[in-house]
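Enquirer: Please read through the structure below; I'll follow up with questions.
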Amino acid sequence: MFSRLSQLARHLSRPLPNYTHTSAAAVSSAGRGAMTSSSTADERNSRTIHTAACLIIGDEVLGGKTVDTNSAYMAKFCFGLGMALKRIEVIADDEDEIIEAVRRMSNNYDFVVTSGGIGPTHDDITYQSIAKAFGLKLKLHQEAYERMKKLSKPHPSQPNFSWDEDTPARKAKLRMIELPTDESRDLNKQALFPHEDLWVPVACVNGNVHILPGVPRLFERLLDGLKPLLVPRLSDPEGKGIHRILISTPQAESAVAPYLTELAARVEPKGVKVGSYPRWGKKRNTVTLVGRDQEFLESLVAEVEKNVDGHRVTVEGEDDGEELEQLTSQ
């Protein structure tokens, strides 16, 4: 809560933009067609990764039928690698919305992941929409096809399914491996196979848009499988990531706000963010320290504990039972 309020305060204190000026980026954006930046797909596919975005596609998520866990997994994945996840969006299975979102995200972020909409049915339109966004054709990926034939198992309801017969069921399956393809680029950079025991490809479009399935088990495994490809491109190639320290305090946010405001201003030049989070219905709130320099973060712990009358915890809420234990032991 505190971090959000401090961000709002900083935002409101900034000078108002000059609306009579049109930036070069805005001009180029207005004049673009299918492509979204002057960078080539190969440049986007090899540059250092600083920022990331996640696009969840699915009417079932917006309608409450499915609870999205993939964006949370993506957030933890990025945090662990030191990537700054800047945006998470949930949109409908709507071609125009998908086109707009992937163009914008590909242009604005280094590493983009989409989730959902790549199944065999009519409402799975992610591949075709993303292909259209970047002026590409859908093309059957031969290696994915061979992997599918070898590794996929027939559904119990299709005991007589044959790969050799041109049936509606076969056409439906092939929709899952008809990938957006730029024939002028290396195909090996456009379809990735993180695991040998999975036929499901990760299509990489426009150099930085990675299309993953919505099924959480597959999403998580494929995303983890991309890690060896991503680590060499991180700003911190050792993959040390970002660190978070949690401090539990019995003080109200209003009581610790003055100190945290001063602390935040003091440590921001060192790349540390200070956060304060109320825990409704609980007796203890949480203060967080987040940054890349673990040694510097550790040097702040004793000071923060003293000033918020708190102590460090590993998991938020792990000390919720302390008050009860103290009362029953008296």
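Enquirer: State the percentage of accessible surface on the range 243-313 attributable to carbon and sulfur atoms; use a 1.4 Å probe and exclude ligands, DNA and RNA.
Expert: Working: 1970 of 3840 Å².
After summing per-atom areas, the C and S share lands at 51 percent.
Enquirer: Calculate, for H50 and A302, the FRET efficiency according to 1/(1 + (r/R0)^6) with r their C-beta to C-beta distance and R0 35 Å; round to the nearest 0.05.
Expert: Values: r = 32 Å, r/R0 = 0.91.
E between H50 and A302, to the nearest 0.05, is 0.65.
Enquirer: What is the magnitude of the charge dipole of the range 153-226 about its Cα centre, with +1 placed on the Cβ of each Lys and Arg, -1 on the Cβ of each Asp and Glu, and no other charges, expressed in debye to the nearest 20? Walk me through the numbers before you get to the answer.
Expert: Numbers: 9 positive and 11 negative charges, 49 e Å.
It comes to approximately 240 debye.
Enquirer: Treating the beta-carbon of each Lys and Arg as +1 and of each Asp and Glu as -1, no other charges, what is the dipole magnitude of the range 243-313 about its Cα centre, to the nearest 20 debye? List each step's numbers first, then the result.
Expert: Working: 11 positive and 9 negative charges, 69 e Å.
The dipole of the range 243-313 has a size of about 340 debye.
Enquirer: Each residue of the range 223-231 in order: what ³J(HN,Hα) in whole Hz does its phi give by Karplus 6.51 cos²θ - 1.76 cosθ + 1.60, θ = phi - 60°, with x for Gly and Pro?
Expert: 4, 4, x, 7, 3, x, 7, 8, 3
Enquirer: Quick one: if you stick a label point 7 Å off each Cα along the C-beta vector at S162 and E97, how many nm between them?
Expert: Placing both labels 7 Å beyond Cα along the Cβ direction yields 4.2 nm.
Enquirer: Name the residue farthest towards the positive end of the dipole of the range 243-313 from the options G271, N285, S299, assuming +1 on Cβ of Lys and Arg, -1 on Cβ of Asp and Glu, about the Cα centre.
Expert: Selected residue: N285.
Enquirer: What ³J(HN,Hα) values, in whole Hz, does the Karplus curve 6.51 cos²θ - 1.76 cosθ + 1.60 give for the range 261-268 when θ = phi - 60°, with x put for Gly and Pro?
Expert: 4, 5, 4, 4, 5, 6, 9, 4
Enquirer: Can you compute the FRET efficiency between A172 and A84 using 1/(1 + (r/R0)^6), with r the Cβ-Cβ distance and R0 = 30 Å? Round to the nearest 0.05. Could the numbers behind the result be given before it?
Expert: Values: r = 39 Å, r/R0 = 1.29.
Step by step, r from the Cβ atoms, then E = 0.20.
Enquirer: Based on the Cβ-Cβ distance from Q294 to A252, what FRET efficiency comes out when R0 is 30 Å, to the nearest 0.05?
Expert: On the way: r = 29 Å, r/R0 = 0.98.
Efficiency, rounded to the nearest 0.05: 0.55.
Enquirer: Express the carbon and sulfur contribution to the solvent-accessible surface of the range 119-197 as a percent, rounded to the nearest whole number, probe 1.4 angstrom.
Expert: Values: 2410 of 4840 Å².
That fraction is 50 percent.
Enquirer: Can you tally the net charge around A252? Count Lys and Arg as +1, Asp and Glu as -1, for every other residue whose Cβ sits under 15 Å from the Cβ of A252. Provide the component values of the computation, followed by the final result.
Expert: Values: positive: R279, K282, K283, R284; negative: E253, D309.
Here the charged neighbours net out to +2.
Enquirer: Which one of P201, P180, H155 has its Cα pushed farthest toward the positive end of the charge dipole of the range 130-274, where Lys and Arg give +1 and Asp and Glu give -1 at the Cβ?
Expert: H155
Enquirer: Still on this structure, please answer the following. If ligands, DNA and RNA are left out, what is the accessible area of F296 with a 1.4 Å probe, given in Å² to the nearest 10?
Expert: So the heavy atoms of F296 present about 50 Å² to solvent.
The values are calculated or read from the model by the stated rules, or taken from the named source; none is laboratory data. Model, not experiment: these values are computed from the prediction. No Cβ is skipped: glycine too gets one built from the backbone with ideal geometry, and neighbour counts run over all protein chains shown. Heavy atoms of the whole protein, side chains included, go into the accessibility calculation; ligands, DNA and RNA do not. Shrake-Rupley method; radii C 1.70, N 1.55, O 1.52, S 1.80 Å.
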